[in-house]
Amino acid sequence: MSDAVEKRPLAERLAEATPGGIARRMRGLSDRSITWLFISPTIALLLAINIFPLLWTVVLSFTNYRANREAPIRWFGIRYYADILTDPDIWAGMQVTARFVVSTIVIETLLGFALAFLIDRKFRGHGFWTTVILIPMMLSPAVVGNFWTFLYQPQIGLFNHAVSFLTGIPPSSFTMIGDVTLAPWSIVIVDAWMWTPYVMLICLAGLRSIPNDIYEAAEIDRASAWRQFWSITLPMALPFIMLAVLFRGIENFKMFDLVNLLTNGGPGSTTELASITLKREAFEKWRTGYASAFAVILFVSIFGLANIYVKALNRVKQR
């Protein structure tokens, strides 16, 4: 009897629990109509939160609009886009961003996969150490930024004393976030410390998805552990590794909070990522139209590169 009830259309079951007038209208609706009735408010909310701001940003990018004053809005056309694409300071900031993205991706991918490979061996206490490794990614970027700012202090910071213990260099002889050469590496270290566990989880999922039968067949064929790694483990985990690279690349391209707390783009402009430049233009110089054009360029860049990368990822998955 219960099976017969469950096989009835969704509209009829909802109509039984609905007041008479509304129930008569619902009996004429199909299951698909009922589904759209329930999800349409969520879709409308998402469109209002995501699509409308994006379209409004595109409109503002063609105007001289400034959010801090009331003045006649004039149509500038593509003037801001031309200014941004020919501005050497913007290109310098994009190079800083590219170096940061590439450095963090390489470090996090290598460390994340190595940790995943070790944890997949299921040694004694691997569950405990997995939990310990995951702690950094559970913290808020605000907490991490302030925490590492304290660690980087030349006089009392533990990082400088650790380096001094390993190398013999006096701890007060260098400052990570105040030196032009070391500041870019200071944010790379913090980002790698915080997000390597995230890459590890994705790589671990890839390793756990490999059937044991394949390894057993390889052992029967007397394939060495090194041969198994290059011929089985790495190729089959590669789609997951590429997925981790995609996620971290997108996130680091628009990285803001961590860098803003650690260096605020300094010293000078050595750590001024594209997101920091965007913040300065929008909320310090109040060039809203210019900042909107820059935001659109960043969005198109991320979307285009991600689209190309996803196509490459799909080819790897289909092999």
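Each value in this text was obtained by applying a stated rule to the coordinates, not by laboratory testing. None of the values given here were measured: they were computed from a predicted structure. Please note: Cβ atoms are built from the backbone with ideal geometry, for glycine as well, and neighbour counts cover all protein chains shown.
With the simple model of a label 7 Å out from the Cα in the direction of the Cβ, Thr130 to Ile250 spans 2.5 nm. A Förster distance of 41 Å, applied to the separation of the beta-carbon atoms of Leu111 and Thr42, puts the FRET efficiency at 0.60. Charge dipole (Cα centre; +1 on Lys/Arg Cβ, -1 on Asp/Glu Cβ; no other charges) of segment 79-318 amounts to roughly 360 debye.
Here the Debye sum runs over all C-alpha atoms of segment 144-213 as equal scatterers in vacuum, and log10 of I(q)/I(0) at q = 0.12, 0.23 Å⁻¹ comes out as -0.45, -0.98. Each 5 Å bin from 0 upward holds the following percent of the Cα-Cα pairs of segment 47-185: 2, 7, 8, 10, 12, 14, 12, 11, 8, 7, 5, 2, 1, 0. Across the chain, C-alpha contacts under 8 Å between residues 6 or more apart give a mean separation that, scaled by the residue count, equals a relative contact order of 25 percent.
So what's the gap between the Cα centers of segment 196-210 and segment 239-303, to the nearest angstrom? Going from one Cα centre to the other spans 27 Å. Does anything in segment 46-68 have its amide N under 11 Å from the 7 Å Cα→Cβ label point of Trp286, and if so which residues? Within reach of a label on Trp286: 66-68. For segment 59-196, averaging the sequence separation of C-alpha pairs within contact (under 8 Å, six or more residues apart) and dividing by the residue count gives a relative contact order of 19 percent. With only Cα atoms counted, the chain has Rg and Dmax values of 26.5, 83 Å.
Over all directions, the projected convex hull of the C-alpha atoms in segment 262-314 averages 4.7 nm² in area. When both segment 134-187 and segment 38-65 are represented by their alpha-carbon centers, they are found 40 Å apart.
The order of the peptides 103-109, 136-142 by mean Cβ neighbours within 10 Å, most packed first, is 103-109, 136-142. Determine which residues of segment 171-207 fall in the zone a paramagnetic label at His161 would reach in this model, i.e. backbone nitrogen under 19 Å from the point 7 Å along Cα→Cβ. Zone members listed by number: 171-177.
Over segment 233-294, the Kirkwood radius and the radius of gyration, each from Cα atoms, give a ratio Rg/Rh of 1.19.
Treating r as the C-beta distance of Ala67 and Asp213 and R0 as 45 Å, the FRET efficiency rounds to 0.15.
Each peptide in 219-232, 168-181 gets a packing score, the mean of other Cβ atoms within 10 Å over its residues, and the list from highest to lowest is 168-181, 219-232.
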